[in-house]
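The values are calculated or read from the model by the stated rules, or taken from the named source; none is laboratory data. No experiment lies behind these values; they were computed from the predicted model shown. When we count neighbours, we look across all protein chains shown, and the Cβ atoms used for this are built from the backbone with ideal geometry, even at glycine. Heavy atoms of the whole protein, side chains included, go into the accessibility calculation; ligands, DNA and RNA do not. Shrake-Rupley method; radii C 1.70, N 1.55, O 1.52, S 1.80 Å.
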Amino acid sequence: MILGKSNQFATTVFIAVIILTVTFFQPECPADPGAGSVGAVNEATYENVIRLARTRLWQQIASGKCASASIAIMVKGKTVYSEGFGASNREKSIPVDTKTIFNIGSISKIYVTTAIMLLADEGKVLLDKPVIDYLPQFKMADPRYKDITVRMLLNHSSGMPGSEYNNSLGFEFNENIHQETLDTLARSHLKHDPGAMSVYCNDGFTLAEMIVERLSGNEYIEFLNQRIFRPLGLDNTGLSVGEVSDKEIALYYDPETGKRHPPEVISVIGAGGLSANPEDLARFADGVLTKKRLLRTASLKEMRKVQSPGFWCELKNPGLSWGLGWDFTSLPRYKAEGIQVLGKSGGTSNYSSMLYTAPEKRVSVAVACSGPGADTMKIALDVFNAVLVENGWIPKEEKSVSIPPEPRELPKSLIPYAGYYAADGLMLIEFDTRKKAVTVSEVTGGKKELAKSLIYNNGYLYDKEGYRYYFVSCRGETFFVVNTGIINNDIVLLQKVKPANRPQKLKIDLNGKRWLQRNVYPFEAVASTETHAVESLLYEDLPGYVFFDGLKIIQSPEFAGMPFNAVRDQSQLRLFDKNGRTWAQVSDMLYSPAENANKLGEGENTVKIKRDGYNQWLIAEENMAVSFIKPEKGRVIVISGDGPVYDSAIDSGDVYVAKGDLIEFAGYPDYVFKVTGKK
């Protein structure tokens, strides 16, 4: 998972709660709050619901969490309310209307699931047959991969590492993404037995997309057009916004600078590469799961039932009720009222979205925002809840003032849970019995930074936001679990790092070593540049482990593998020799040592992309003003110690480069860049 500069722990909590599909970055800055555009409205029946929706979405825009937004409510097959908010294009002062299109991220997963079920209706695919029966080119370095079934791809229980991120998000389509995914998986192992548990996995849906293409004989998007979009009247659903030329899209603007990013293209279509407006999202849910019967009865039941094998440990509250493509197929509050609710979230580098649907009541609510930090999950749920209340299907909950829990003595039984934990980053949990305090700190190198302070009360740890945490252990593993109260499901947040058995060392010292990514396409997303220059770390009190794009356990002088079975988006590290130097491969990303970068000299410098297509790097030996002449599709990025400071995808003109800064050049073979440095 690629992260911005936001608090690591807070970000991890956020991701766990909304099951983000691709990446998370800092909140969007506010747009000019010009008038939105209203679609179908039944003011007499849904006046309170509409007031709630407008209030909450304008709050998001005014607070800077998104630049623009849109919402739709469908009841019994009719759109009873839809409206757009903010500006889709600031330069042209174009307001968002009900047709404006947003990227929907992981909501795309329920479309590829529907495609698989359509093929199942025709007898072309069986959910419980091995994937290799339909994709013989799919292989892994772990023999257990042969046991992965089609169902496991769709309910996140395959055990595959997680996500093909490299060059899958950007502003051009990566035509090689299928082969690159297969190549990455061919080098990868599984983190748990197939079917043992559900841990979010994007790559399963890319494989499902490939199955649809192979069995139908059509390109995936054409299959969707013929079998889903046209039959359901989804005129505003298709490839991601960067591929849309004939409709208005909600553009994304950098939260700190206000700069517009190139329209986002996501190449992993099945996992997260579709766009739509909320009206189409609601229409899709209603069309697939209710009386229109796009699917046969048996397939419809499969789409609506819980598919998760469950979590290994016993949780205090219900865990996520994973479905086929759905994040959950049941929520406790509504289940108590006899109402099934399904939900799917979606998040990309630039967008946030959420879809809730109650098939038996034929109610669907969809929200989409430009800006990855929007609270779409909570807003959509509050509006969805208000619709059910308005129709008398559930009682209105009386809001009461909650009294914050008082800190109690820390039980001695908690003390053994102290130690290192990990998900995206490395965290240290410590207990101070004298102060009745629990601290969660983010650890980077030899430094630790406080991320959360927790107090204990009646079996739970609480933070200031009211989230509840607790520990659970089973089968030799320990987990840190969160319950936010939003959907009242327990979600594994962190997994404890176990001491390495007979710790091993890599063939070179990786502590504090800087690495430069070399297989970057020039159209990769602006947000993805965070991974281009990284540092590998070792920890004295974690012998046998290395931190390089996440924590890894060293298994040989050239290899470090995945240490966790319940953490999403893990990767493996392989060291290899290339031209007399040690390079690193982490999942689908190739790195060379930063000390091998060529020096930036005063005056004119020439940089050429070689036949291998690898991006090139220069390092500044002194402070300079730098100008560039680049090919039309070439890319120049300047990275300082704090991260990227210049990117020709969104910046222009000369740039100041400090001593030690790195300059990256991405392009295609034989591209030539001219770089002039002036003191």
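Quickly work out the Glu175-to-Lys335 label distance, labels modelled 7 Å from Cα along the C-beta direction, and quote it in nm with one decimal.
4.8
Quick check: the distance between the Cα centres of segment 651-674 and segment 74-103, to the nearest angstrom?
Between the Cα centres of segment 651-674 and segment 74-103 lies a distance of 39 Å.
Taking a ≥ b ≥ c as the square roots of the eigenvalues of the Cα gyration tensor of segment 267-360, is the shape rounded (a/c under 1.5), prolate (a/b larger than b/c) or oblate?
oblate
Rounded, prolate or oblate: which one fits segment 450-542, using the alpha carbon gyration tensor with axes a ≥ b ≥ c (rounded when a/c is under 1.5, else prolate when a/b beats b/c, else oblate)?
Values: a/c = 2.64, a/b = 1.49, b/c = 1.77.
Verdict is oblate for segment 450-542.
Just to verify a number: FRET efficiency for Arg51 and Arg260, C-beta to C-beta distance, R0 = 25 Å, to 0.05?
The formula returns an efficiency of 0.20 here.
If you take the beta carbon distance between Asn596 and Thr297 as r and set R0 to 56 Å, what does 1/(1 + (r/R0)^6) give as a FRET efficiency, to the nearest 0.05?
Approximately 0.35, to the nearest 0.05.
Would you tell me the accessible area of Lys301, worked out with a 1.4 angstrom probe on the heavy atoms of the protein chains, in Å² to the nearest 10?
140
Please give, to one decimal in nm, the separation of the simple spin-label points placed at Lys610 and Asp235, each 7 Å out from Cα toward the Cβ.
A separation of 5.4 nm, rounded to one decimal place.
Report the trypsin sites (Lys or Arg not before Pro) located in segment 142-214 that are in a DSSP loop and have at most 15 other Cβ atoms inside 10 Å of their Cβ, or state none.
The qualifying sites are Arg187.
Report the gain in length on full extension from Glu430 to Glu558: 0.36 nm times residue separation, minus Cα-Cα distance, nm rounded to one decimal.
Working it through step by step, the gained length comes to 42.8 nm.
Could you list, in their original order, any pairs among Lys76/Lys191; Lys301/Lys396; Lys78/Lys378 whose Cα atoms are separated by more than 32 Å?
Lys76/Lys191
Under the definition of Cα pairs under 8 Å and six or more residues apart, what whole-number percent is the relative contact order of the chain?
In percent, rounded to a whole number, it is 14.
Which pairs, out of Lys109/Lys552; Lys578/Lys610; Lys305/Lys361; Lys92/Lys247, put more than 22 Å between their alpha-carbon atoms?
Listed pairs above 22 Å: Lys109/Lys552.
Taking Cα centroids, how far is segment 390-467 from segment 287-315 in Å?
About 34 Å separates the Cα centre of segment 390-467 from the one of segment 287-315.
Rounded to the nearest 0.05, what FRET efficiency is calculated for Ser245 and Asn218 with R0 set to 22 Å and r the Cβ-Cβ distance? Display every interim value, and only then the final one.
Values: r = 22 Å, r/R0 = 0.99.
Computed FRET efficiency for Ser245 and Asn218: 0.50.
Starting from the Cα gyration tensor of segment 102-185, take the square roots of the eigenvalues, sort them a ≥ b ≥ c, and report rounded, prolate or oblate (rounded when a/c is under 1.5, otherwise prolate if a/b is larger than b/c, else oblate).
It comes out oblate by the Cα gyration axes.
Which order do Asp382, Asp647, Asp246 take by accessible area at a 1.4 Å probe, largest first?
So the residues, ranked largest to smallest area, are Asp246, Asp382, Asp647.
Please give every one of the aspartates and glutamates within straight-line cross-link reach of Lys452, meaning a C-alpha to C-alpha distance under 19 Å, and leave out same-chain neighbours fewer than 8 residues apart.
The reachable aspartates and glutamates, counting only those whose Cα sits under 19 Å from Lys452, are Glu406, Glu409, Asp424, Glu430, Asp432, Glu442, Asp463, Glu465, Asp490.
If you average the sequence gap of Cα pairs under 8 Å that are 6 or more apart and divide by the length of segment 141-287, what percent do you get for the contact order?
Computed over segment 141-287, the figure is 28 percent.
Which sequence of Trp58, Trp326 reflects their accessible areas, 1.4 Å probe, from the largest down?
Trp58, Trp326
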